[in-house]
Amino acid sequence: HITRGTMSNVGLSGTVSNRPAGESCGSEASEGQRKYLIGGNWKCNGDIAFSMNLIKTFNEAGPIPKNVEVVVCPGSLHTGMALGLLRDDIQIGAQNCGLNAAPGAFTGEICPIQLVDAGVTWVIIGHSERREGFGMAGEDNELVAKKVKVALDSGLNVMFAIGEKKEEREKGDRRAHV
């Protein structure tokens, strides 16, 4: 059973100090050997109960091979919960970040430095939904490239989405998109 975390788990720098310990198995990837990344994007799905259940499922899962990185990207409202409750061998990513390199008067944005300060290690940039724009102007390649640079300069790892639509991927047209 998972109970809701409290801010007492968060240190002065915003890093979480009491995440449950994870478990890994096997050996590290040796020089030249492939390391795998498994990422999960929660998109704009779920409420607190959904997120708590998903965190519980991850926490109860077996060991993660040492040559595998696992990253989950909850919605912004549930990122703090994941940072406080999810086992420490699963990294937390953000679904987006702002173009602004530093905090300021950017209503609704989250700058990469704030994500790093909170303990987030990854960010998804360039997702097709953001490129489409949700009924308004979407993010073009130039904006996406600038966001990648700001995120990397801030110390985040980037999952760069090429932006193909679901229909293109299902038709097998993703290579044409690249």
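Looking at the stretch 72-90, which of its residues are within 17 Å of residue 22 (Cα to Cα) and crowded, with 20+ Cβ neighbours inside 10 Å? Quick ask: steps written out before the conclusion?
Taking the stretch 72-90 first, the residues within 17 Å of residue 22 (Cα to Cα) are 72, 81-90.
Hits for the stretch 72-90 are 72, 82, 83, 84, 85, 86, 90.
Against the criterion of being assigned to a loop (DSSP other than H, G, I, E, B) and closer than 21 Å to residue 127 by Cβ, residue 98 qualifies.
Out of curiosity, is residue 149 without any contact (Cβ under 8 Å) to a residue 60 or more places away in the chain, touching an Asp or Glu at 6+ places or on another chain (Cβ under 6 Å) and surrounded by fewer than 20 Cβ atoms within 10 Å (Cβ to Cβ)? No: the conditions fail for residue 149. If you go through the stretch 117-138 and keep only what is open to solvent by 20 Å² or more (accessible area, probe 1.4 Å), more than 30 Å from residue 62 (Cβ to Cβ) and in a loop (DSSP other than H, G, I, E, B), you end up with 134, 135, 136, 137, 138. Scan the stretch 65-82 and report the pairs whose first residue is assigned to a loop (DSSP other than H, G, I, E, B) and whose second residue is open to solvent by 20 Å² or more (accessible area, probe 1.4 Å) and basic (Lys, Arg), with Cβ atoms within less than 8 Å and a gap of 6+ or a chain change. Final answer for the pair search is 67/34; 67/35; 75/43.
Scanning the stretch 102-116 for residues that are over 12 Å from residue 76 (Cα atoms), open to solvent by less than 60 Å² (accessible area, probe 1.4 Å) and in a helix (DSSP H, G or I) turns up 112, 116. Taking the conditions exactly as written (over 26 Å from residue 144 (Cα atoms), at pLDDT below 95 and surrounded by fewer than 16 Cβ atoms within 10 Å (Cβ to Cβ)), does residue 61 satisfy them or not? Here the answer is yes, as residue 61 does meet what is asked.
Filtering 45, 53, 41 for residues that are open to solvent by 30 Å² or more (accessible area, probe 1.4 Å) and either touching a residue at least 40 places away in the same chain (Cβ under 8 Å) or small (Gly, Ala, Ser) (or both) leaves a single hit, 41.
Select from the stretch 139-158 the residues that are under 14 Å from the mean Cα position of the chain (by Cα) and part of a loop (DSSP other than H, G, I, E, B) and list them in ascending order.
Quick first cut of the stretch 139-158, residues under 14 Å from the mean Cα position of the chain (by Cα) only: 148, 151-152, 155-158.
155, 156 - these are the residues of the stretch 139-158 that are under 14 Å from the mean Cα position of the chain (by Cα) and part of a loop (DSSP other than H, G, I, E, B).
The values are calculated or read from the model by the stated rules, or taken from the named source; none is laboratory data. Note that the structure is predicted; figures quoted are calculated from it, not measured. Note that each Cβ is placed from the backbone with ideal geometry, even for glycine, and that neighbours are counted across all protein chains shown. Protein only, heavy atoms only, side chains kept; ligands, DNA and RNA dropped before computing areas. Shrake-Rupley method; radii C 1.70, N 1.55, O 1.52, S 1.80 Å.
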